[in-house]
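What follows draws every value from the coordinates through simple rules; no lab data is involved. Because the structure is predicted, anything quoted here is derived from the model rather than measured. Note that we place each Cβ from the backbone using ideal geometry, even for glycine, and neighbour counts take in every protein chain shown.
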Amino acid sequence: MTSLYPGFRYDADKEAISEARAKALESLLIEKGVITGKTVDQVLSYFDTEMGPFNGAKLVARAWVDPEFKKLLLEDCNAACEMLDLPNGMSGAEGEHMRIVENTADVHNVVVCTLCSCYPWPTLGLPPYWFKDPTFRARVVREPRVVLGEFGVQLSDSVNIRIWDSSAQIRWWVLPMRPEGTESLSEEELAKLLTPEAMMGVALVKAKSE
Ligand code: FE
């Protein structure tokens, strides 16, 4: 989750410096009695087990096999969340106003928060390191095709790229295209093909055999 993307040319020790800063902050908060030694672990464990990209993957896989559900997901993401067996609190934890946008043969969507790091936590979990970095936030808006290329996503010039700026009001995420050659897969198998990157628009979904 915290891997750095080499295309953004970070200093090699950037992640180590961030980690040291987070540890120092945690120690200070514990020392001052604001949090306990377990608080951070509990929060991280919550996002490991309850609120993570596995929820988004379930929603997308259902949308791929059920056109009515897909329509609902696109129109009212939170109502669609209510339809599936997902953890309680999907509409809380920064997910009160989630919206999903659909990739097609003509349009490719990418999400960013140009201001800070707004992200649909209930469906995608915590954002990766690079999503919060000013380098990604600035560049994906200015030169999305170049940035996508650095992620290994080569789109034909005929494909329009749309960038969606998440905010405290609306948190965007992406309904990727279902890859060819997956007609025989079950909904569960389809869900396993999905990655957080694909649901942010910086990767395409690939059939396992590719
Ligand atoms: Fe933000």
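Dipole of the chain, Cα-centred, from +1 at each Lys and Arg C-beta and -1 at each Asp and Glu C-beta, to the nearest 20 debye? All intermediate terms of the calculation are to be shown ahead of the outcome.
Details: 22 positive and 31 negative charges, 114 e Å.
Magnitude of the dipole: close to 540 debye.
Given the rule -39500 (n - 2.57) for each run of at least 4 DSSP H residues, summed and divided by the residues of the chain, what is its mean residue ellipticity at 222 nm, to the nearest 500 deg cm²/dmol? If you can, show how the numbers build up before the last one.
Values: 10 runs with 89 residues, N = 210.
The per-residue figure over the chain is -12000 deg cm²/dmol.
Quick one: grab the alpha carbon gyration tensor of segment 70-149, order the square roots of its eigenvalues as a ≥ b ≥ c, and give me rounded if a/c is under 1.5, else prolate or oblate depending on whether a/b is larger than b/c.
Note, shape of segment 70-149 comes out oblate.
Which order results if SER186, SER156 are arranged by neighbouring Cβ count within 10 Å, fewest first?
Details: SER186 11, SER156 8.
Result, fewest neighbours first: SER156, SER186.
Tally Lys and Arg at +1 and Asp and Glu at -1 over the other residues with C-beta under 10 Å from the C-beta of THR123: what net charge comes out? Don't jump to the answer; show the numbers that get you there.
Working: positive: LYS58, ARG171; negative: none.
It works out to a net charge of +2.
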